[in-house]
1. Pick out the one residue from B:S93, B:S67 that is surrounded by 14 or more Cβ atoms within 10 Å (Cβ to Cβ), within 27 Å of A:V93 (Cβ to Cβ), among the polar types (S, T, N, Q) and under 13 Å from the mean Cα position of the chain (by Cα).
2. Tell me, please, whether a residue that is in contact (Cβ under 8 Å) with a residue 60 or more places away in the chain, on the phi < 0 side of the Ramachandran plot and not in a strand (DSSP E or B) can be found in the range B:55-64.
3. List the pairs whose first member sits in the range B:16-43 and is at the interface with chain A (Cβ under 10 Å from one of its Cβ atoms) and at positive phi, whose second member is β-branched (V, I, T) and outside any loop (DSSP other than H, G, I, E, B), and whose Cβ atoms are under 9 Å apart, counting only residues at least 6 apart or on separate chains?
4. Please count how many residues of the range B:44-56 are over 13 Å from B:L76 (Cβ atoms) and within 13 Å of chain A (Cβ to nearest Cβ).
5. On the basis of being touching an Asp or Glu at 6+ places or on another chain (Cβ under 8 Å) and among the hydrophobic types (A, V, I, L, M, F, W, C), does A:A87 make the cut?
6. Please give the number of the condition A:V114 fails out of (1) within 13 Å of chain B (Cβ to nearest Cβ); (2) in contact with a helix residue (DSSP H, G or I) (Cβ under 6 Å, 6 or more places away or on another chain).
7. Take the residues in the range A:14-36 that are surrounded by fewer than 19 Cβ atoms within 10 Å (Cβ to Cβ) and part of a strand (DSSP E or B), then tell me which one is farthest from the chain's Cα centre (by Cα).
8. From the set of residues in the range A:46-71 that are surrounded by 15 or more Cβ atoms within 10 Å (Cβ to Cβ) and either in contact with a helix residue (DSSP H, G or I) (Cβ under 9 Å, 6 or more places away or on another chain) or among the acidic types (D, E) (or both), which is farthest from A:T94 (Cα to Cα)?
Amino acid sequence: AQSVTQLGSHVSVSEGALVLLRCNYSSSVPPYLFWYVQYPNQGLQLLLKYTTGATLVKGINGFEAEFKKSETSFHLTKPSAHMSDAAEYFCAVTSGSGGSNYKLTFGKGTLLTVNP
Amino acid sequence: EAQVTQNPRYLITVTGKKLTVTCSQNMNHEYMSWYRQDPGLGLRQIYYSMNVEVTDKGDVPEGYKVSRKEKRNFPLILESPSPNQTSLYFCASSLAGAYGYTFGSGTRLTVV
């Protein structure tokens with residue numbers, strides 16, 4: 001079984017401040033991990049993913065995330081928030097190599113607010 | 001353009017009236033899936049399909065049916081909709097797990 005916990009349903013930052021959105025996962029096999037972003041009234045867009053290899057992964061719009069196996073975490077960061085980053089962010093996990101990776105399990109989401 | 005297309009975008013219906021939400025992808029993906037999104041609950045998987053004629057239940061399958069007769073299409077059927085199925089629904093497709101899913105724009109369903 002796999003699960004995702006996103007700490008903080010709502011995060012508020014000032015424009016130009018560091019963005020940190022937390023994600024912890026549980027998986028019985030090596031995971032593939034994803035961050036998606038959802039802008040108001042839109043579908044989900046893939047921000048970045050970790051499958052194998054380098055544990056620090058870079059995505060679109062200046063976001064990055066680091067896979068830490070010992071902490072079962074995959075936190076999303078951006079050095080400097082922009083107003084356009086305001087959206088809801090979802091962390092997701094699926095089974096990695098050797099597992100049943102058609103099932104993508106999502107966290108409950110974190111709403112990011114950026115204040116001017 | 002590579003995409004997942006859902007129709008309709010918005011739908012208001014009455015309890016018990018059968019409906020179908022269509023989903024089509026043009027990327028030749030094997031995996032397809034339906035999710036519902038509810039406030040505070042995130043996205044929950046309803047059904048998924050690994051290939052043509054191969055489907056299985058996700059986490060919240062009650063009250064829903066699916067079929068996968070062609071690779072590109074994966075319709076979601078509500079035989080007798082109820083108000084607790086009022087939700088935002090997303091169809092998604094994937095080449096394989098490592099690529100993540102590509103999502104459609106969503107269908108907002110209201111059952112009164």
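1. Working: B:S67 fails: within 27 Å of A:V93 (Cβ to Cβ).
After applying the criteria, what remains is B:S93.
2. So in the range B:55-64, the residues in contact (Cβ under 8 Å) with a residue 60 or more places away in the chain come out as none.
No, that holds for no residue.
3. Listed by first residue and then by second, the contacts come to B:G42/A:V4.
4. Let us first name the residues in the range B:44-56 that are over 13 Å from B:L76 (Cβ atoms), namely B:44, B:50-54, B:56.
Applying the additional criterion that residues be within 13 Å of chain A (Cβ to nearest Cβ) yields B:44, B:50-51, B:54, B:56.
Within the range B:44-56, residues that are over 13 Å from B:L76 (Cβ atoms) and within 13 Å of chain A (Cβ to nearest Cβ) number 5.
5. Values: touching an Asp or Glu at 6+ places or on another chain (Cβ under 8 Å): no; among the hydrophobic types (A, V, I, L, M, F, W, C): yes.
When the stated conditions are applied, A:A87 does not pass them.
6. Every condition holds for A:V114 apart from (1).
7. So the first thing to find is which residues in the range A:14-36 are surrounded by fewer than 19 Cβ atoms within 10 Å (Cβ to Cβ), and the list is A:14-18, A:20, A:22, A:24, A:26, A:28-30.
The next check asks that each one be part of a strand (DSSP E or B); those that pass are A:14, A:20, A:22, A:24, A:26.
On the way: A:S14: 20, A:L20: 10, A:R22: 7, A:N24: 9, A:S26: 14 Å.
My answer is A:S14.
8. A:F63
Every number in this text was worked out from the coordinates using simple rules, so none of it is lab data. In this text, all values refer to a predicted model and were calculated from it rather than measured experimentally. Cβ sites come from the backbone with ideal geometry, for glycine too, and all protein chains shown count toward neighbours.
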